[in-house]
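Comments concern the structure below.
The values are calculated or read from the model by the stated rules, or taken from the named source; none is laboratory data. What you see is a predicted model; the values in this text were computed from it and never measured. Here the Cβ positions follow ideal geometry from the backbone for every residue, glycine too, while neighbour counts run over all protein chains shown. Only protein heavy atoms, including side chains, enter the accessible area calculation; ligands, DNA and RNA are left aside. Shrake-Rupley method; radii C 1.70, N 1.55, O 1.52, S 1.80 Å.
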Amino acid sequence: MGDKQNGLSRREAIAIAASGAVVAGLPGSASAKEAGQTVDVIIVGAGFAGLSAARELRRAGKSVVVLEADERVGGRTKAATLAGETIDIGGQWVGPTQTHLLALAKDYGVRVVPQYADGENIIDIAGRMARYRGETPGLADEDLAEFGAAVLQLETMAARLPVPRPWLAPEAPELDALTVESWLLVNVPGKPARELFRALIRAVMSSESADVSLLALLSYMASAGGLEALIATRGGAQDSLFEGSVWSIASKIAAELGGAVVLGAPVSRIEQDAKGVTATSAKGVWRGARVIVTAPPAMAARIAYAPPLPARRDGLTQRMPLGNVIKVALAYDRPFWREQGLSGLVISDKTEFGPWFDRGTSLTKGGALVGFFDGAPARRWADRTPAERRARVLDDLAEYFGEAARHPVDYVEEVWTLAPFQRGGYVSVPGPGVLTGFGSALLDPVGRIHWAGTETADAWVGYIDGAIRSGERAAKEVAGAP
Ligand SMILES: Cc1cc2nc3c(=O)[nH]c(=O)nc-3n(C[C@H](O)[C@H](O)[C@H](O)COP(=O)(O)OP(=O)(O)OC[C@H]3O[C@@H](n4cnc5c(N)ncnc54)[C@H](O)[C@@H]3O)c2cc1C
């Protein structure tokens with residue numbers, strides 16, 4: 001079942017030339033041998049969706065090539081070194097219902113470790129700071145009651161939606177006409193509960209509540225099994241993390257795929273004809289029966305398509321931006337916050353940086369914290385200098401943990417909004433009218449082009465688990481196609 005990596009046959013060369021591929025115009029770095037390989041399925045993107053699709057297709061006996069724009073695999077997951085140890089500076093956590101990621105971790109021997117959650121959390125919302133234990137946010141009683149009632153309302157609406165096609169619900173147009181913010185303004189009048197919601201939307205979607213359609217939030221909740229699953233540590237999406245990095249799983253899958261993964265190969269053009277598809281990249285031209293595009297819609301829009309994509313698909317990609325996020329990890333010689341009885345978790349609407357969490361001493365010597373600039377704070381800080389961001393992070397940490405927070409032994413950050421082939425994270429965020437107007441184009445193949453990526457998942461949209469599910473689904477779609 002090895003890939004057909006021999007040079008271009010005369011017949012294939014004629015087919016590619018006939019379909020208009022600009023072989024002659026390829027950069028000089030593309031060797032004649034590279035330019036023009038033929039496989040059953042071309043996969044664009046070596047994130048978890050692309051790698052999972054390739055793995056499944058190989059198992060089904062198909063030949064594949066995975067063309068990755070970046071010089072590394074992993075996409076929105078990435079390893080970094082903090083105080084000499086490997087950590088994740090992209091996606092990192094896994095929850096108990098994220099069964100596809102847990103299964104992959106097991107297959108590749110990467111151990112899962114619980115997120116540290118002992119001690120008290122800090123909440124500082126609408127000018128009131130409190131310490132609390134467990135998962136129920138430490139708001140004042142009346143604010144908590146208002147927050148709880150609003151969560152219940154949202155959960156009830158979310159439970160009625162058909163995932164992954166929420167636009168098919170009879171109430172979808174009404175829900176998709178609102179932003180989360182416009183719903184909050186009417187349904188959550190109290191400032192503390194409303195500000196907490198805004199902070200949580202930032203934390204789970206890297207977006208402002210005014211950017212997100214209510215239907216999009218509800219279907220995001222439904223795909224995860226509810227809001228609590230999204231925001232909780234124990235039993236939720238932040239339950240556990242990986243020894244070393246989750247990225248190492250992507251790296252191991254890529255190693256298994258060997259020469260089928262081509263790095264530094266941004267696909268610039270996809271052409272299809274009656275017999276197949278042709279993908280043009282900086283590393284050569286590939287011909288296949290089908291192509292799976294796993295880049296998120298806004299990045300997939302940077303590829304030229306011939307014939308042009310249908311109006312609905314192009315319209316979708318014009319309207320589905322990625323969220324804004326900067327991730328920061330800091331190492332200390334000891335976890336001094338634990339000595340103060342704190343878990344390390346802080347949710348605040350006062351600081352620019354946040355939320356942040358303990359990264360876990362079972363994973364790092366000494367102590368480590370990890371946190372985010374999400375949504376509007378990420379927009380404000382992405383174009384500042386690393387030194388300015390570091391100073392702001394240290395000020396914000398010192399606000400709650402004291403002066404010791406100002407003296408990390410190491411600091412690493414990733415400005416995802418600037419990453420050339422990701423340009424944001426954690427997920428693409430539909431505003432009002434997008435899912436009802438264009439949603440079907442997320443999933444519906446266009447001839448020989450199939451779409452995958454976490455945005456297209458049937459569960460855990462926005463998460464690594466969803467990316468894996470989407471890759472496996474697209475592989476089945478393609479394997480069953482003529
Ligand atoms: C800071 C951060 C924290 C996160 N935290 C978590 C977490 O704790 N848990 C969790 O489950 N998820 C988390 N996520 C989300 C998770 O990382 C993503 O949902 C998941 O990795 C998406 O995988 P994917 O394969 O769908 O897309 P991607 O990983 O984006 O893969 C798409 C790939 O396509 C490539 N590409 C783009 N354009 C082209 C082109 N023209 N030609 C070739 N290749 C191209 C990209 O370089 C990329 O490698 C986080 C994300 C970020 C950014």
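Taking 7 Å steps out from each Cα toward its Cβ at residue 306 and residue 160 produces label points 4.9 nm apart. For the chain, the carbon plus sulfur part of the accessible surface works out to 55%, probe radius 1.4 Å.
What you get for segment 141-231, charging only the Cβ of Lys and Arg (+1) and of Asp and Glu (-1), is a dipole of about 260 debye around the Cα centre. Take the Cα radius of gyration of the chain and divide it by 2.2 N^0.38 Å, N being the number of residues; the result is 0.99. Take every pair of alpha-carbon atoms less than 8 Å apart whose residues are at least six positions apart; their mean separation over the length of the chain yields a relative contact order of 24 percent. In the full protein context, the chain carries 38 Å² of accessible surface per residue, based on a 1.4 Å probe and ignoring ligands, DNA and RNA.
Assuming R0 = 35 Å, what is the FRET efficiency of residue 185 and residue 228, from their Cβ-Cβ distance, to the nearest 0.05? With a Förster radius of 35 Å, E is 0.90. Restricting segment 202-310 to trypsin sites (Lys or Arg not before Pro) that sit in a DSSP loop and have at most 14 other Cβ atoms within 10 Å of their own Cβ leaves 234, 275, 302. Rounded to the nearest 5, the antiparallel percentage of DSSP beta bridges internal to the chain is 65%. Rounded to the nearest 0.05, the FRET efficiency derived from the C-beta distance between residue 398 and residue 106 at R0 = 41 Å is 0.50. Reported to the nearest whole Å, the Cα centre-to-centre distance from segment 423-465 to segment 238-308 is 16. Compared with the alpha-carbon gap, the fully stretched path from residue 171 to residue 129 is longer by 11.3 nm at 0.36 nm per residue.
Spin-label model, residue 384/residue 407: points 7 Å from Cα along the beta carbon direction are separated by 2.4 nm. In this rough spin-label picture, where each label sits 7 Å from Cα along the Cβ direction, the residue 243-residue 269 distance is 4.9 nm. Note on the chain: with charges restricted to the Cβ of Lys and Arg (+1) and Asp and Glu (-1), its dipole about the Cα centre is near 1820 debye. Here segment 381-422 was treated as a single set of alpha-carbon atoms; its pair distances binned every 10 Å from 0 give 26, 47, 22, 5 percent.
Taken over segment 337-435, the convex hull of the Cα atoms encloses 144 Å³ per residue.
Coordinate range of the alpha-carbon atoms in segment 141-231 per principal axis, descending: 37, 23, 23 Å.
Cβ-Cβ distance of residue 340 and residue 136, R₀ of 22 Å, FRET efficiency by 1/(1 + (r/R0)^6): the value works out to about 0.55.
Comparing 178, 167, 225 along the charge dipole axis of segment 141-231, the residue lying farthest to the positive side is 167, per the Cβ-charge model.
Pairs exceeding a 24 Å alpha-carbon distance, out of 106/476; 252/476; 283/476; 252/275: 283/476; 252/275.
Calculated mean residue ellipticity at 222 nm for the chain: -10000 deg cm²/dmol, from DSSP H runs with n ≥ 4 weighted as -39500 (n - 2.57), summed, divided by the residue count and rounded to 500.
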